[in-house]
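*Asks:* I have a structure here, written as C-alpha cells, and I will follow up with some questions on it.
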Amino acid sequence: MPEARVTPAVRELLRDAAARLAEAGVEAPSLDAELLLARALGLRRDRLLIDPPAELGSEERERFAGLLERRIEREPVAYILGERHFRWITLAVDRRVLIPRPETELLVEVALALPAGGRVVDVGTGSGAVALALKSERPDLEVWGTDASPGALAVARVNACRLALDVRFVEADLLEGLGGPLDAVLANLPYVAEGTALEPEISRYEPAQALFAGADGLEVIRRLVAAAGEREIPYLALEIGPGQAAAVAGLARGAGFGRVEAHRDLAGHERVVVARR
C-alpha cells in the first residue's frame, strides 16, 4: 500500500474525533474515526489515508459530526455504516440482526468439509451470514436459512439478492415446518445467560432475542439438539459461548450423536461443537 499522506485538516479532524471516542470508552477510537470520516466523504478508508482531500466542506463536516455522535453513544460501527465484512462477502446489517463476528467464521470453516451436494440448513440465520458465506464457497450445496424473526429474514433476503446467491430463507422456529431430509444443521443461536453484563454496543443496540437464552444460556441450543436428534440428522455444528463445550457435547451425545468434538477459534476458545452420527 502506498505511504499514507493525511493532510493537516484531515489529521486534526481525526485526532479530535479519536479523542472524543476514547473518552466515550470506544475500544478502537482511531480506526473508528477513520471509518466514519471515510463514509462521510464517500471514500474507502484506504483512499482517505492515501489520497485525502485538502479541505472539508461544511456539509461533509456536518455529516461526519452526525456519524461521530452516533458512535459516541456506542452505536456499533457496523450499524452506522450499514454493512459488515464476513469471510469473503459483505453483508448489509441493521438493528434487526446480530452483527456477524469473526469467530462465527469457524462455523463456516467446519462445514466446508461436508460431502458434495448435501442439503444444509443454517438455523437462526439472522443476516444470513453463515448460509450465504457457505453457499459462496460451496455452491454445490443446497443451503437453507431459518429464523423466527421476520425482520431478520428480510435482511437475509436482501443480502442473498445483493450477492446473487441461491439460498432459501424461511420463517420457522428452529426446524419446524422444514420438510424433507437434511444432511447437516449449522446454528449460531442465542447462548448468553440471562443477566450477563455486556458491552453497550451489544446491550443497547443488538436484538436481545438473538443473544439471551435462559439461566445457563443453553435454552435454545437444548431445543435444537433435541430436534436434530429426533430427526436423526447426521451432522450438527453449533457455535457456543465460553465454558459451554462440555455441556453441549453432553446434550449431543444424549440425543444420539456418537462422535462429538469441539473446535477452537483463533483466540483459542472452544467455539464450535460438531456432532456426527
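What follows draws every value from the coordinates through simple rules; no lab data is involved. Please read all numbers here as calculations on a predicted model, not as lab measurements. Positions of Cβ are backbone-derived with ideal geometry, glycine not excepted, and every protein chain shown enters the neighbour counts.
*Asks:* Once amide H atoms are placed 1.01 Å from N in the peptide plane, what residues at a sequence separation of 5 or more from F169, or on another chain, have their amide H within under 5 Å of its amide H?
*Replies:* Here G145 satisfy the definition.
*Asks:* On to the next question. Using a 10 Å cut-off on Cβ atoms, rank the peptides 170-178, 55-63 from the highest mean neighbour count down.
*Replies:* Result, highest mean first: 170-178, 55-63.
*Asks:* Sticking with this structure for a sec: P(r) of the stretch 125-277 in 10 Å steps, Cα pairs, percent per bin?
*Replies:* 11, 37, 40, 12, 0
*Asks:* On to the next question. Rounded to whole Hz and in sequence order, give me ³J(HN,Hα) for the stretch 85-90 from the Karplus expression 6.51 cos²θ - 1.76 cosθ + 1.60, θ = phi - 60°, writing x for Gly and Pro.
*Replies:* Listing the rounded values in order: 7, 8, 6, 9, 10, 10 Hz.
*Asks:* Nearest 10 degrees, 0 to 90: what angle lies between the long axis of helix 8-23 and the longest principal axis of the chain (Cα atoms)?
*Replies:* Helix 8-23 sits at roughly 50 degrees to that axis.
*Asks:* Could you work out the equivalent-ellipsoid semi-axes for the stretch 76-196, taking the square root of 5 times each eigenvalue of the Cα gyration tensor, largest first, in whole Å? Walk me through the intermediate numbers first.
*Replies:* Numbers: eigenvalues 88, 55, 40 Å².
Output for the stretch 76-196: semi-axes of 21, 17, 14 Å.
*Asks:* Antiparallel as a % of all DSSP beta bridges within the chain, to the nearest 5?
*Replies:* Taking every DSSP beta bridge within the chain, about 45 percent pair in antiparallel fashion.
*Asks:* Can you tell me the FRET efficiency between D173 and R45 if r is taken as the Cβ-Cβ distance and R0 is 30 Å, rounded to the nearest 0.05?
*Replies:* On the way: r = 40 Å, r/R0 = 1.33.
Rounded to the nearest 0.05, the efficiency is 0.15.
*Asks:* Let me ask something else. Spelling out what I want: for every residue of the stretch 124-135, take phi, set θ = phi - 60°, compute 6.51 cos²θ - 1.76 cosθ + 1.60 (Karplus), and round to whole Hz; glycine and proline get x.
*Replies:* x, 5, x, 6, x, 3, 5, 4, 6, 5, 5, 4
*Asks:* Now for a separate question. Highest GNM mean-square fluctuation, the chain, Cα pairs closer than 10 Å: which of E34, E230, E142?
*Replies:* Between E34, E230, E142, it is E230 that shows the largest mean-square fluctuation.
*Asks:* If you place +1 on the Cβ of every Lys and Arg, -1 on the Cβ of every Asp and Glu, and leave all else neutral, what size is the dipole of the chain about its Cα centre, to the nearest 20 Debye?
*Replies:* With Lys and Arg at +1 and Asp and Glu at -1, about 400 debye.
*Asks:* Could you tell me which of H269, G243, A255 has its Cα farthest along the dipole of the stretch 223-277 towards the positive end, charges placed at Cβ (Lys, Arg +1; Asp, Glu -1), taken about the Cα centre?
*Replies:* With unit charges placed on the Cβ atoms, the residue in question is A255.
*Asks:* Would you kindly compute the Cα radius of gyration of the stretch 8-73 and its largest Cα-Cα separation (Dmax), both in Å?
*Replies:* 10.8, 30
*Asks:* Okay, moving on. Mean 1/r over all different Cα pairs, inverted: what Kirkwood radius does the stretch 71-116 give, in Å?
*Replies:* Computed over Cα pairs of the stretch 71-116, the Kirkwood hydrodynamic radius comes out at 12.1 Å.
*Asks:* Using helices alone, I'd like the mean residue ellipticity at 222 nm for the chain: each DSSP H run of four-plus residues gives -39500 (n - 2.57), total over residue count, nearest 500.
*Replies:* Rounded to the nearest 500, it is -12000 deg cm²/dmol.
*Asks:* Can you find, among S203, A28, V130, the residue farthest towards the positive end of the dipole of the chain? Put +1 on the C-beta of Lys and Arg, -1 on that of Asp and Glu.
*Replies:* Value: V130.
*Asks:* Report the normalised scattering of the chain as log10 I(q)/I(0) at q = 0.09 Å⁻¹, calculated by the Debye formula with identical scatterers on the alpha carbons.
*Replies:* For the requested q values the scattering log ratios are -0.48.
*Asks:* List, in order, the whole-Hz ³J(HN,Hα) value for each residue of the stretch 146-158 obtained from phi through the Karplus relation with A = 6.51, B = -1.76, C = 1.60 and θ = phi - 60°; use x for Gly and Pro.
*Replies:* 10, 7, 7, 9, x, x, 4, 5, 4, 5, 4, 5, 4
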